Amino acid sequence: MPYTITAEQEMVRLMARDFARRELEPLAARRDREELFPADVVKKMGQLGLLGMMVPAQYGGAGAGAVSYCLALQEIAYSCASTAVTMSVANLSTEPLLKFGDEQQKTRYLFRLAAGDLLGCFALTEPGAGSDPGSLQIRAQDKGDHYLINGTKVFITHGAYADVVNLIARTGPEKGNKGLSAFIIEKGTPGFSVGSREDKMGLRASNTVELIFEDCRVAKDNLIGRPGLGFKIAMSALDSGRIGIASQAIGISRACLDEAVRYARERKQFGRSISSFQAIQWMIADMATSIEAAHLLSLSAALKKDQGVPFTKEASMAKLFSSEAANRTAYLALQIHGGYGYVKDFKVERLYRDARATTIYEGTSEIQRLVIAREILRD
Ligand code: CAA
């Protein structure tokens, strides 16, 4: 797939890069150390159009498309992977409304989500339903003129800071992935509260919490699409989300490579720079090659999305390859740093921890392989 980035896409990348280097990079280590969610910075990202990149101009978004999104997210992740997951989930949270919302819902929420006046999150996972969201338990009972929601969601990215939640809950008696529905629910709705916060290994400046629903009464207007569409809405949002996580992983990998090259040039052992050793050169070559491959895979998925053709398989391939590559790249970057890579003074220590989540959330590597194989074998 020979593909040339357009001048407009390059402009978006440079804008994100400039923003990330100025606003994220200087504070990223401190935010990680102190678990500071960058709420002020996220607001600015909204003003720059980075939170509603797929939202068309008619609903106040940047309408920039998935390729621009990939490029911008890589730049944000390069400087701060925690902020990148916030950007990824904020963009993901516009997808259910964009594809399945009615006109009133789109007008009510998309403008403000795209502008960063509202921050959206995505609540699918439960304590007993991770890779298998079809087994989720949270109930939304149809009470005639409203739904009554009871249950708990876990591992919700920036859940404590979100103004609206895309919630997937069980409305029907059907088992498994049938009988699920999607809702948009505003913070402050009685019966909806934020539970405990996860103390994570990495991505520590991104907030991860439980969301609790206790007799939470939600108007019928808050249903996205029709009852029973919840699983498909979630899966289709995750297709887009996986392009985001691939891009986050690539941004982390690029930062790992730059740190490794800089250190390898500076560090002297046996009387010469360690970059002159073939063992180090091969590591650098492997890192750079996997980054290029991951980048092309993610562009291929994004291009398909922009062209409006199915991209489920390509998104999973991009997510699988980029996240595994990020872990390998972080491992090699740390290895090149030797003992210094294992201490918190050096950036690779954070990158190594941040990379680890990418093969897990928005579908583990094992789930991506399952999706890819199903897409290939289904005909
Ligand atoms: N788009 C639209 N529809 C889809 C779809 C997609 N990508 N994938 C499946 N569907 C549809 C199917 O066509 C099928 O429809 P019919 O019933 O009409 O035939 C229906 O959904 C059920 O599909 P499956 O039988 O394939 O469903 P399954 O129960 O076997 O599950 C799975 C498939 C791929 C394993 C899926 O459950 C999955 O992706 N699991 C991983 C979940 C995940 O990624 N969780 C991440 C949590 S969110 C997160 O991490 C966010 C964050 O904050 C960072």
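The values are calculated or read from the model by the stated rules, or taken from the named source; none is laboratory data. Computed from a predicted model, the values in this text were never measured in an experiment. Every residue, glycine as well, gets a Cβ built from its backbone with ideal geometry; the counts of neighbours run over all protein chains shown. For the accessible areas, the whole protein counts, side chains as well, though only heavy atoms, and no ligand, DNA or RNA atoms are used. Shrake-Rupley method; radii C 1.70, N 1.55, O 1.52, S 1.80 Å.
Some notes on this structure:
- Dipole size of the chain about its Cα centre, with +1 on Lys/Arg Cβ and -1 on Asp/Glu Cβ: approximately 460 debye, rounded to the nearest 20.
- Per residue, the accessible area of region 304-379 comes to 52 Å², computed with a 1.4 Å probe over protein heavy atoms only.
- J(HN,Hα) series, region 3-18, from Karplus relation 6.51 cos²θ - 1.76 cosθ + 1.60, nearest Hz, glycine and proline x: 9, 9, 5, 6, 4, 5, 5, 5, 5, 5, 4, 5, 5, 5, 5, 4
- Pairwise Cα distances in region 1-154 exceed 20 Å in 57 percent of cases.
- Relative contact order (%) - the chain, alpha-carbon pairs under 8 angstrom, separation at least six: 16
- Packing rank of 166-179, 74-87, where each peptide gets the mean count of other beta carbons within 10 Å, highest leading: 74-87, 166-179
- Summing charges over all other residues whose Cβ lies under 15 Å from the Cβ of F155, with Lys and Arg as +1 and Asp and Glu as -1, gives -1.
- Straight-line cross-link reach from K347 at under 23 Å between alpha-carbon atoms covers these lysines, not counting any fewer than eight positions away in the same chain: K200, K268.
- Of the trypsin sites (Lys or Arg not before Pro) found in region 268-362, those in coil by DSSP whose Cβ has at most 15 other Cβ atoms within 10 Å are K344.
- For region 97-169, the gyration tensor built on C-alpha atoms gives an oblate shape. Its axis ratio a/c (a ≥ b ≥ c) is at least 1.5, and a/b is not larger than b/c.
- Protein-only accessible surface order, largest first, of S131, S68 at 1.4 Å: S131, S68
- Cross-link reach is defined here as a Cα-Cα straight distance under 29 Å, omitting same-chain residues fewer than 8 places apart; for K143 the lysines meeting it are K99, K106, K153, K175, K178, K187, K220, K232.
- Summed residue charge, Cβ within 12 Å of C216's Cβ, Lys/Arg positive, Asp/Glu negative: +2
- Overall dimensions of region 222-379 as given by Cα atoms, namely Rg and Dmax in Å: 18.6, 70
- Translational D in µm²/s for region 82-130 (Stokes-Einstein at 10 °C, 1.306 mPa s, Kirkwood Rh from C-alpha pairs): 136
- HN-Hα J in Hz across region 100-113 - Karplus 6.51, -1.76, 1.60, θ = phi - 60°, x for Gly and Pro: 10, x, 8, 4, 5, 5, 4, 5, 5, 10, 5, 4, 6, 5
- When only alpha carbons are used to place a centre, region 273-290 and region 111-152 end up 46 Å from one another.
- Computed [θ] at 222 nm, helices only, for the chain once each DSSP H run of length n ≥ 4 contributes -39500 (n - 2.57): -16000 deg cm²/dmol
- Against the compact-protein benchmark of 2.2 N^0.38 Å, the Cα-based radius of gyration of the chain scales to 0.99.
- Bridging of K305 to aspartates and glutamates at a Cα separation below 13 Å is possible for E95, D239, E314, once same-chain residues fewer than 8 apart are set aside.
- In a DSSP loop and with at most 16 other Cβ atoms within 10 Å, there are no chymotrypsin sites (Phe, Trp or Tyr not before Pro) in region 313-379.
- Cα-centred dipole magnitude for region 231-299, charges only on beta-carbon of K, R (+1) and D, E (-1), debye, nearest 20: 180
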